[in-house]
Amino acid sequence: MKQCRALVRKLEEISPYFYYLTLEEPYLAQAAQPGQFLYLRVSTGLSPLLRRPFSVAGTSPAAGTVLLLFRRVGAGTDLLSCLQEGDRLDCLGPLGTPFTYYGSEPAVLLAGGVGVAPLLFLGESLLNGGKSVHLFYGAADATALLPVERFLSPGVLIHYITEDGSVGEQGKLPQAFQRALDRGLSPGELFACGPRPLLAVLARENGQWGYPLQVSLEENMACGVGACQGCSVLIQKDGETVYERVCREGPVFHSKEVVW
Amino acid sequence: MPSLKTRIASLALETPLLTASGTFGFGDEYASLMRLEGLGGLVVKTLTLKPRSGNPPPRLVETPAGMLNAIGLQNPGLKHFLKAELPHLQNRNIPLIISIAGDTEEEYVALAEALDRQTGIAALELNLSCPNVKKGGILFGTDVVILESLVSKVRSVWNKPLIAKLTPNVTAVADLARAAATGGADILSAINTLRGMVIDVATGRPLLGNRFGGLSGPAVRPVAVKMIYEIFEATKLPLIGMGGIMNTDDALQFIMAGATAVAVGTANFVEPQTIPQIAAGLNDYLEKAGLESLHELVGVAHD
């Protein structure tokens, strides 16, 4: 982990409110692993004051670039959306504990909304390792659904799901995934990221499914490096309930260890 | 050549820049980002006798030019600290200040006694923003009688410099400062966080798991500077000022108000290099002003 001033190579609005940011910083491009995040100083003023965490959505070690995907939802992401090519962005990273892939195929990625970001990185990395990968990607409607096939090499089987049916399968992500299981999909391992209520449903349903499931959690953060304990979440381990830090032990946790 | 070397009570510091308790963990979290040896002193996160699991999340939320936190003093407790943290802290060539808290006077005293037997600890800081469970939950730092009694009891078992960290959540901080001085404190530090809350309008409920939290960051700085100014006039004890220090000028405000040393807290989260940057800035300031030492500036804001 280092503090660096990454060069903004490209900022692209891929659909209203959604941005794809390419940062050049060879160290980060080499070091970042799927599931880890960067902690960005979005403002040099006092508001917003704290850094903002963003999961790494991909890397290109050859080009020395790191990719981030974000949705413009507030003061921090407003500022990010105004970055210009050639700007420098103060980054701490890569931070956090990455996903662990245990080797069972197919790997199934379950993404809700902008939670797709770390799963794009994971999917691409598993695909490059010759693994079979499915992505179930759900959002409210077509406007909130990104054309993620653009960011993945051919080979990942993408299942789009929207609640209003405007793109892909109609319904909610857990039900769509259930239908795929009913049709005979037999996952090796599951990886999920998205809003906490969605992750809680997936964790509960997985009580029936019984697959290894890792989730990437989000929590308000101050230091990002494990010092302040501000981002702690309740975790159950060896029969004991303890607080673990999203920024350090997380953001990736085994779903059965999270107290939902 | 100007020097940032600072003497506060019997503590000799290379620079007057400390970390504020709770913002720097036990130091190792920041070791890969900065040279810890560049700190004037490391104030570790508050230690309690028994481990504390802390408050339910969410534990923090950003506020205008600040943040509100309710961590709940999560820490591994004395036994684990002595075994797992103190050895690596002792090996760093940096003055180590241990912040302690308890639910009762006895807990503070037990901690102070145990730490007094250890080597490599430069000073103890009493976190007084804790409820005294034997006195109906009144915070130790908000009642002059309770505060003086606690400080004097810890004083009787702790032989090195003793710092009392005052809370701003009182009517007259000067009275509490005098009580801490009478109790036997060597140094006063101020301020701890200001109590506050944020309500989540989407749910109509308090946003923090603990409902209330402590406000820190630049938003509190004018309050903190004024309290240092008042405390400076109320006692002769040397002061450590803190509250929203982000840069050199902020640090200078506290020094001019009466602080001999300052602590940086929230700014560490934003910019881990804040302390070394302020050290460089203070050095430049002294050179330009033709001063030898910051001691010449302490309290110059007073008539």
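Peptide B:52-61 is shielded by partner chain Cβ atoms: per residue, an average of 6 of them sit within 10 Å of its Cβ. Counting only other chain Cβ atoms within 10 Å of each residue's Cβ, the peptide B:25-31 averages 4.
Over all directions, the average projected area of the alpha-carbon convex hull for region A:51-190 comes to how many nm²?
9.6
With θ taken as phi - 60° and the Karplus curve 6.51 cos²θ - 1.76 cosθ + 1.60 applied, the whole-hertz 3J(HN,Hα) list for region A:18-34 is 10, 10, 10, 10, 9, 10, 9, 6, x, 4, 4, 4, 7, 8, 5, 10, x Hz, x standing for glycine and proline.
Among A:216, A:186, A:232, which one shows the biggest mean-square fluctuation in a GNM of chain A, springs joining Cα atoms closer than 10 Å? Top of the fluctuation ranking is A:186.
Using a 1.4 Å probe on protein heavy atoms, which residues of region A:179-225 have at least 10 Å² less accessible area in the complex than alone? Buried by 10 Å² or more upon assembly, which counts only protein chains, are A:219, A:220, A:222, A:223, A:225.
Taking the DSSP bridge list for chain A and keeping only pairs wholly inside it, about 65 percent are antiparallel. For region A:19-85, the convex hull drawn through the C-alpha positions has a volume of 86 cubic angstrom per residue.
So how far, in whole Å, is the C-alpha centre of region B:248-303 from the one of region B:1-28? The distance from the Cα centre of region B:248-303 to that of region B:1-28 comes to 12 Å. Residue-normalised convex hull volume from the C-alpha trace of region A:218-260: 66 Å³ per residue. Under a Gaussian network description of chain A, with springs only between Cα atoms under 10 Å, the residue in A:34, A:94, A:16 that fluctuates furthest is A:16.
With the simple model of a label 7 Å out from the Cα in the direction of the Cβ, residue B:157 to residue A:157 spans 6.6 nm. With the simple spin-label model, which puts each label point 7 Å out from Cα in the Cβ direction, the residue A:78 to residue B:182 separation comes to 5.1 nm. Helix A:116-128 axis versus longest C-alpha principal axis of chain A: approximately 70°, rounded to the nearest ten. Computed on protein heavy atoms with a 1.4 Å probe, the accessible areas place A:260, B:158 in the order A:260, B:158, largest first. The mean sequence separation of alpha-carbon pairs under 8 Å and at least six residues apart, normalised by the residue count of chain B, gives a relative contact order of 20 percent. Overall, region A:218-260 carries a charge dipole of about 60 debye about its Cα centre when +1 sits on the Cβ of Lys and Arg and -1 on the Cβ of Asp and Glu, all other atoms neutral.
Set the Förster distance to 22 Å, then compute FRET efficiency between residue A:240 and residue A:3 from the Cβ-Cβ distance, nearest 0.05.
Computed FRET efficiency for residue A:240 and residue A:3: 0.05.
Residues whose amide H falls under 5 Å from that of residue B:52, counting only those 5 or more places apart or on a different chain, are B:75, B:77, with hydrogens built in the peptide plane. Against the main long axis of the alpha-carbon atoms of chain A, helix A:196-209 sits at an angle near 30°. Compared with the alpha-carbon gap, the fully stretched path from residue B:3 to residue B:303 is longer by 105.4 nm at 0.36 nm per residue.
Ligands, DNA and RNA left out, the accessible area of the protein assembly as shown computed with a 1.4 Å probe is 51% carbon and sulfur.
Along region B:174-189 the Karplus relation, 6.51 cos²θ - 1.76 cosθ + 1.60 evaluated at θ = phi - 60°, assigns HN-Hα couplings of 4, 4, 5, 4, 5, 4, 5, 5, 4, x, x, 5, 8, 9, 10, 10 Hz to successive residues, with x for each Gly and Pro. Let me check against my output: what whole-number percent is the relative contact order of chain A, with C-alpha pairs under 8 Å and at least 6 apart? Once normalised by length, the contact order is 17 percent.
In the protein assembly as shown, the DSSP-assigned H stretches of four residues or longer account for a calculated mean residue ellipticity at 222 nm of -7000 deg cm²/dmol, using -39500 (n - 2.57) per stretch and the full residue count as denominator. Comparing B:148, B:113, B:292 in a Gaussian network model of chain B (Cα springs below 10 Å), the most mobile by mean-square fluctuation is B:292. Rounded to the nearest 5, the antiparallel percentage of DSSP beta bridges internal to region B:1-147 is 55%. For the protein assembly as shown, the share of DSSP beta bridges that are antiparallel, to the nearest 5, is 55%.
In the protein assembly as shown, the alpha-carbon atoms span a convex hull of 160 Å³ per residue.
Amide H contacts for residue B:99 (H built 1.01 Å from N in the peptide plane; partners 5 or more residues away or on another chain; cut-off under 5 Å): B:44, B:47, B:125.
For residue B:160, the lysines whose Cα falls under 29 Å of its own Cα, not counting residues fewer than eight places away in the same chain, are B:5, B:45, B:50, B:79, B:83, B:134, B:135, B:226, B:236. Would you please classify the overall shape of region B:1-40 from the alpha carbon gyration tensor, given that a ≥ b ≥ c denote the square roots of the eigenvalues, rounded means a/c under 1.5, and beyond that prolate means a/b larger than b/c while oblate covers the rest? Since a/c reaches 1.5 but b/c is at least a/b, the shape of region B:1-40 is classed as oblate.
Between the amide H of residue B:158 and any residue lying 5 or more places away or on another chain, no distance stays under 5 Å, with hydrogens modeled in the peptide plane.
Which trypsin sites (Lys or Arg not before Pro) from region A:150-226 combine a DSSP loop assignment with at most 14 other Cβ atoms within 10 Å? Passing sites in region A:150-226 are A:183. For the peptides A:161-171, A:248-258, the ranking by packing is A:248-258, A:161-171, with the highest mean count of neighbouring Cβ atoms within 10 Å listed first. How big, in percent, is the set of alpha carbon pairs in chain B lying more than 26 Å apart? Beyond 26 Å sits 41 percent of the P(r) for chain B. Between the beta carbons of residue A:164 and residue A:209, assuming R0 = 30 Å, the FRET efficiency works out to 0.70 to the nearest 0.05. FRET efficiency for the residue A:183 to residue A:14 pair, using the beta carbon distance and R₀ = 25 Å, is estimated at 0.25.
With 30 Å² as the minimum drop in accessible area between chain alone and full protein complex (1.4 Å probe), the qualifying residues in region A:43-84 are A:46, A:49, A:50, A:51. Considering all C-alpha pairs of region A:127-243, those separated by over 23 Å amount to 42%.
Computed from backbone phi with θ = phi - 60° and the Karplus coefficients 6.51, -1.76 and 1.60, the 3J(HN,Hα) list for region A:168-176 is x, 6, 8, x, 9, 3, x, 5, 4 Hz; x is used for glycine and proline.
For region B:106-151 versus region A:101-165, the spacing of their alpha-carbon centroids is 54 Å.
The values are calculated or read from the model by the stated rules, or taken from the named source; none is laboratory data. Just so it is clear, the model here is predicted, and its values are computed rather than measured. For neighbour counting, all protein chains shown are included, and Cβ atoms are generated from backbone atoms with ideal geometry for every residue, glycine included. Areas reflect the complete protein model, heavy atoms only, side chains present, ligands, DNA and RNA absent. Shrake-Rupley method; radii C 1.70, N 1.55, O 1.52, S 1.80 Å.
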